[in-house]
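Visitor: Please find one structure pasted underneath; my questions will follow.
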Amino acid sequence: MGFGSDLKYSHEALVKLQDWELRLLETVKKFMAMRIKSDKEYASTLQNLCNQVDKESTSQLDYVSNVSKSWLLIVQQTEQLSKIMKTHAEDLNAGPLHRLTMMIKDKQQIKKSYIGVYQQIEAEMFKVSHSIIILIFLVCRTNLATEITHRCFVIKGIGGFLRECHLILSTFTGIE
């Protein structure tokens, strides 16, 4: 196995890893978006519940007792929880979710750039390999031509030499 074939397998493994990471990040992003939506809805529901209870309870609280104090504390704590949940959801949306979205875009750009560079390297490697093959062919052909020239002149004379040259040219160029 040479550099070229190793490069191909490494490239495929790296692209698979990048694809897997991008899918995972998209899953995390979707989860976070649903979590934010759920937290906002929960906060809104709690706030609506507190507003509803406040209207009903304030008209009925003619008498202050430990039970009524406890009830008011529960409503206040629920309202506080609603505000905390809403703030938390907004912070999650503005901070981590935004950064995650940017990270996904960066990873997509890096993958695109990597694939472009890989294709350039692959094209350059093809050119170099092709050039090496041509050089090897020319060296072999030159050695073969030297041997044929020697045989033709010594054994077949000038006519044999010309026939061999014509045969070689037609073989390599396709011209009769």
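Visitor: What number goes with the only condition from (1) of a type in the set (Phe, Trp, Tyr); (2) farther than 30 Å from LYS16 by Cα; (3) loosely packed, with under 15 Cβ neighbours inside 10 Å that TYR114 does not pass?
Guide: Among (1) of a type in the set (Phe, Trp, Tyr); (2) farther than 30 Å from LYS16 by Cα; (3) loosely packed, with under 15 Cβ neighbours inside 10 Å, the lone unmet condition for TYR114 is (2).
Visitor: Would you check which residues across the stretch 65-79 are farther than 15 Å from LEU46 by Cα and of a type in the set (D, E, K, R) and list them?
Guide: Matches in the stretch 65-79: LYS69 only.
Visitor: Still on this structure: Scanning for something assigned to a helix (DSSP H, G or I), surrounded by 14 or more Cβ atoms within 10 Å (Cβ to Cβ) and β-branched (Val, Ile, Thr), does the stretch 43-55 turn up at least one residue?
Guide: For the stretch 43-55, residues assigned to a helix (DSSP H, G or I), surrounded by 14 or more Cβ atoms within 10 Å (Cβ to Cβ) and β-branched (Val, Ile, Thr): present.
Every number here is computed from the coordinates shown, using simple stated rules; none is lab data. As the structure is a computational prediction, the values presented were derived from the model and not from experiment. Backbone-built Cβ (ideal geometry, glycine too); neighbour counts: all protein chains shown.
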